[in-house]
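S.K.: For reference, the structure I am asking about is given below.
The values are calculated or read from the model by the stated rules, or taken from the named source; none is laboratory data. Given the structure is predicted, the values throughout are model-derived calculations rather than measurements. Every residue, glycine as well, gets a Cβ built from its backbone with ideal geometry; the counts of neighbours run over all protein chains shown. Remember, those area values only see protein heavy atoms, side chains included, never the ligands or the DNA or RNA. Shrake-Rupley method; radii C 1.70, N 1.55, O 1.52, S 1.80 Å.
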Amino acid sequence: MEPIRQSLLKKLPGVDHLLEQTKADPFFEDIPRSVLVNSVRSVIDLLRSDILSAAPDIEKNLSDTVILEKIRARVQTELSLNLIPLVNATGVVVHTNLGRSLLASEAIENIALVAGSYSNLEFDLELGRRGSRYSAVEDILCELTRAEAAMVVNNNAGAVLLALETLSKGKTAIVSRGELVEIGGSFRIPDVMARSGAILKEVGTTNRTHPRDYEGAIDADTGLLLKVHTSNYSVVGFTASVSLKELVTIGKKYQLPVMEDLGSGTFTDFSKYGLKKEPTVQESVSAGADIITFSGDKLLGGPQAGIIVGKKEFIDRIKKNPITRALRIDKLTLAALESTLRLYRDPEKAIRRIPTLRMLTMPFEEIEKKAEMLYDLLKNLNDSRLSVKLLTLSSRVGGGALPIQELPSRCLSVTIQGMSANRIEWAMRNHKPPIIGRIEEDAFIMDMRTVQDADIDVIMSAFHKILKEDVQ
Ligand SMILES: *Cc1c(COP(=O)(O)O)cnc(C)c1O
């Protein structure tokens, strides 16, 4: 090693020396020792690798004062939470990476209530003995969907796995080739089927499947007819698929259960609000599906959950499956789900109170008003480097639902002289709380559909800071 680096390495203070130094600074007084030691170590490690990689000006950084400042910053990072709220300015309403659905305030209040108290989670108050965890939501699910029975698990991937394992393990599950979808991340229908022990039997072609394809595939080893709602893409042109109703008729003829994975799942007829039609859970129930699975936190706008509704005979079998225990829903989720579901008793109230529904059906003028308010505030900063434009672009539903739905939305397009769009995006993303937007045509874009009223202040303080500190 070059002598200069060797001598720099020798100048690096040790852990004990630095810990001793922190004693003189009141900032470090109440810092847990594990945090302090970790912070000191990581700062030393960083400086060591700077020396080894011959970073410029390293000698300056080796004084105790500078190192202590770095330790202070490191401690602050270690003490701040990892999971934090942020501003979604992407315009994707059900954004899986950003936490999918915001809960209605009724659901949030109910979580807090149940969290800090004992509850009748699995206790039947009438009979004074052990009860069922599902009873909190089973009645309301049956009331809303007119299904015979219902249960809930941790998420819809779990619901699909559990239903297939119960009804088709070691038997073939017949599904149309056009419905073998990938949901994103690591969820692919064929993979989940394989893990459930159900044997996949594909029928039809990518674009066309007919009733005779299912009938031709049925034999003594068949356990289930499966329909998957291809919610995240759309096949257009020369297409044919077998409706749920037709599949139910085939199921009846051969005495086989019919299961539908609705994916997103909604109780709301979106065509009433000027959006494209998304099949509702009620429609699947009335078409006669034996088992229907869907998510709690996609279009439903509730907490993460996998909801299973259908015929009592099959739901009872699913409830008895020991895997249910491994997928069971948490009490806080259950509290949020019950409150969310109750809002659906009045469909108009659901639209107003459930943030996902409110954002999806928000009138353009309302988004525009928010956009103009932020536009005016940014203009009032009176900074000649800042240039802001109002644009009409498209928001997306997200969550693998309504993929071709255009949702016209009002957006702000921001550029700053002396700063690239990438740099603005970075600064916004690293602001506390972070603001997530996107870059289009060398500008930072914020879609106001998903920006909440309280987020406006956060965005303004981010721009204040960026214009003060970050512009060269
Ligand atoms: C999203 C989705 C799932 C998985 O649901 P999670 O709630 O994310 O577990 C399963 N099937 C379909 C068709 C989906 O769209």
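S.K.: With every protein chain left in place, what is the accessible area of E246 in Å² (1.4 Å probe, nearest 10)?
M.R.: E246 exposes around 80 Å² with every protein chain in place.
S.K.: In square angstrom, rounded to the nearest 10, how much accessible surface does C411 have for a 1.4 Å probe?
M.R.: Probe radius 1.4 Å; accessible area of C411 about 0 Å².
S.K.: How charged is the neighbourhood of R41? Take every other residue with its Cβ under 13 Å from the Cβ of R41, and add Lys/Arg as +1 and Asp/Glu as -1.
M.R.: +1
S.K.: Quick one: if you stick a label point 7 Å off each Cα along the C-beta vector at D191 and N120, how many nm between them?
M.R.: Taking the simple label geometry, D191 and N120 are separated by 4.2 nm.
S.K.: How much of the calculated P(r) for segment 103-353 lies past 26 Å, in percent of all Cα pairs?
M.R.: Here the tail beyond 26 Å accounts for 39 percent of pairs.
S.K.: Further question on the same structure: For labels at K277 and V35 in the simple 7 Å Cα→Cβ model, what's the distance in nm?
M.R.: Distance between label points: 5.7 nm.
S.K.: Moving on. How about segment 1-54: which trypsin sites (Lys or Arg not before Pro) there are in a DSSP loop, with at most 12 other Cβ atoms within 10 Å of their Cβ?
M.R.: Within segment 1-54, the qualifying trypsin sites (Lys or Arg not before Pro) (loop, at most 12 other Cβ atoms within 10 Å) are K23.
S.K.: DSSP loop (so not H, G, I, E, B), at most 10 other Cβ within 10 Å: list which GluC sites (Glu not before Pro) in segment 376-447 pass both filters.
M.R.: Within segment 376-447, the qualifying GluC sites (Glu not before Pro) (loop, at most 10 other Cβ atoms within 10 Å) are E441.
S.K.: Which of the trypsin sites (Lys or Arg not before Pro) across segment 116-205 are loop residues per DSSP, with 14 or fewer other Cβ within 10 Å?
M.R.: Sparse-neighbourhood loop trypsin sites (Lys or Arg not before Pro): R146.
S.K.: Pairs of Cα atoms under 8 Å, at least six residues apart: use those to get the relative contact order of the chain, whole percent.
M.R.: Once divided by the residue count of the chain, the mean separation gives 19 percent.
S.K.: Taking a cut-off of 16 Å between Cα atoms, list the aspartates and glutamates near K60, but don't count ones fewer than 8 places away on the same chain.
M.R.: K60 reaches D50, E69.
S.K.: Which order do H464, H431, H17 take by accessible area at a 1.4 Å probe, largest first?
M.R.: H464, H17, H431
S.K.: Next question, about the same structure. How would you classify segment 77-224 from its alpha-carbon gyration tensor, with a ≥ b ≥ c the square roots of the eigenvalues: rounded for a/c under 1.5, else prolate if a/b is greater than b/c, otherwise oblate?
M.R.: Verdict is oblate for segment 77-224.
S.K.: While we're here: Which of the residue pairs K201/K245; K276/K370; K10/K70 have a Cα-Cα distance greater than 22 Å in the structure shown?
M.R.: Checking Cα-Cα distances, K276/K370 exceed 22 Å.
S.K.: In addition: What is the Cα convex hull volume of the chain when expressed per residue in Å³?
M.R.: Hull volume normalised by residue count: 219 Å³.
S.K.: Mind checking the log10 I(q)/I(0) for segment 3-79 at q = 0.18, 0.20, 0.25 Å⁻¹? Debye, one equal scatterer per Cα, no solvent, two decimals.
M.R.: Cα-only, vacuum Debye calculation for segment 3-79: -0.68, -0.82, -1.18.
S.K.: With every protein chain left in place, what is the accessible area of Y375 in Å² (1.4 Å probe, nearest 10)?
M.R.: 60 Å²
S.K.: Ignoring ligands, DNA and RNA, what percent of the accessible area of segment 103-353 is carbon or sulfur (1.4 Å)?
M.R.: 50 percent
S.K.: Rounded, prolate or oblate for segment 192-281? Axes are the square roots of the Cα gyration tensor eigenvalues, ordered a ≥ b ≥ c, and the cut-off for rounded is a/c under 1.5.
M.R.: It is prolate, given that a/c is not under 1.5 and a/b is the larger ratio.
S.K.: Find the centroid of the Cα atoms in segment 333-373 and in segment 1-69, then give the distance between the two in whole Å.
M.R.: Cα centroid of segment 333-373 versus Cα centroid of segment 1-69: 51 Å apart.
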